[in-house]
Amino acid sequence: MELLDKLKWRYATKAMNGQEVAQDKIDTIIEAISLAPTSSGLQPFEVLVITNPELKKQIRAISWDQSVVSDCSHLLVFVAWDTYTAERINYMFDLTNQVRGFENQGWEDYRQMLLNTYPQRDAEVNFNHAAKQAYIAFSQAIAAASFVGVDSTPVEGFDADELDKILNLREKGLRSCVMLPLGYRDAENDWLVNLKKVRKSKEDLVTIID
Ligand SMILES: Cc1cc2nc3c(=O)[nH]c(=O)nc-3n(C[C@H](O)[C@H](O)[C@H](O)COP(=O)(O)O)c2cc1C
């Protein structure tokens, strides 16, 4: 299948059948998340991969009782940094120097610019910026899942404060953003599976400026 065929095959799955997704497919999806671009390369988020049935049920209860949250194989939870700190920024800049094996004045000046800007900003502004980066990776995960024939459901319909409590995120300087149940569609019980995709016209989506 071509890329667009796979993206057309994907839909926000409403019912999953509990079948387990093989580890190599999960690994591919995680690798796609890791390869996502992020602002200044900071990767200001983490991904929790939940397979524990009891925990999935607990999360379903604070997620509008959406069945995919517990009937999925793997539940990915994208969590973002609650703010930017000097330590977090330095970690990624130091890692870059270590991996590339050299230091560069331009890069160090850029580090200093971020250190002089981000940590002083309001934590809510920083969290929102970090969350945007998590969503880029989230989108890449959705595309990667379709590429390896795995169904997924983007899920924002949950109580984020409750999820933060269940997963003890705030203590770790993290906040939940969005979830991605991964699994296989239960076609017989999914009202959406055979419905046409609805998208606005390309004219309404795109403006060409020559
Ligand atoms: C950030 C985000 C959050 C979403 N949250 C939910 C959700 O909680 N439950 C759900 O069933 N679908 C959710 N959706 C799915 C959208 O409703 C769906 O992607 C959209 O209607 C387009 O349909 P399609 O994905 O099947 O093409 C979400 C989608 C996105 C991108």
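Quick notes on this structure:
- Within the stretch 55-75, not a single residue is at pLDDT 95 or above and within 17 Å of I136 (Cα to Cα).
- Pairing each residue of the stretch 101-125 that is touching a residue at least 40 places away in the same chain (Cβ under 8 Å) with any residue that is of a type outside the set (A, V, I, L, M) and outside any helix (DSSP H, G or I), provided the two are 6+ apart or on different chains, yields C-beta distances under 6 Å for A123/T83.
- The condition of being surrounded by 15 or more Cβ atoms within 10 Å (Cβ to Cβ), closer than 16 Å to R10 by Cα and among the small types (G, A, S) holds for only one of A131, A141, that being A141.
- Whichever residue in the stretch 60-113 is touching a strand residue (DSSP E or B) at 6+ places or on another chain (Cβ under 7 Å) and part of a helix (DSSP H, G or I) and, among such residues, is surrounded by the fewest Cβ atoms within 10 Å (Cβ to Cβ): R88
- Members of the stretch 52-87 that are closer than 18 Å to D164 by Cβ, among the hydrophobic types (A, V, I, L, M, F, W, C) and within 16 Å of the ligand (Cβ to nearest atom): I59, A61, I62, W64, V69, L75, L76, V77, F78, V79, A80
- Filtered by the rule that a residue be among the aliphatic types (A, V, I, L, M) and either part of a loop (DSSP other than H, G, I, E, B) or more than 15 Å from the ligand (Cβ to nearest atom) (or both), the stretch 145-178 gives V148, V150, I166, L167, L169, L174.
- Figure legend. Inter-residue proximity from the stretch 131-158: first residues within 15 Å of A80 (Cα to Cα), second residues in a helix (DSSP H, G or I) and aliphatic (A, V, I, L, M), beta-carbon distance below 6 Å, spacing 6+ or different chains. Indicated pairs: A137/I33.
- V193 being within 16 Å of the ligand (Cβ to nearest atom), touching a helix residue (DSSP H, G or I) at 6+ places or on another chain (Cβ under 9 Å) and in a strand (DSSP E or B): no
- Taking the criterion of being basic (K, R) and buried (at least 20 other Cβ atoms within 10 Å of the Cβ), the only residue of the stretch 151-182 that qualifies is R175.
- All positions within the stretch 33-59 that are assigned to a helix (DSSP H, G or I) and either aliphatic (A, V, I, L, M) or touching a His at 6+ places or on another chain (Cβ under 9 Å) (or both): I33, S39, L55, I59
- Among the residues listed as T28, T13, the single one being more than 16 Å from the ligand (Cβ to nearest atom) and surrounded by 12 or more Cβ atoms within 10 Å (Cβ to Cβ): T28
- In the set (1) more than 11 Å from F78 (Cβ to Cβ); (2) away from the ligand (no atom under 11 Å from the Cβ); (3) not in a loop (DSSP other than H, G, I, E, B), P181 fails one condition alone, (2).
The values are calculated or read from the model by the stated rules, or taken from the named source; none is laboratory data. No experiment lies behind these values; they were computed from the predicted model shown. So basically every Cβ, Gly included, is an ideal-geometry build from the backbone, and we count neighbours across all protein chains shown.
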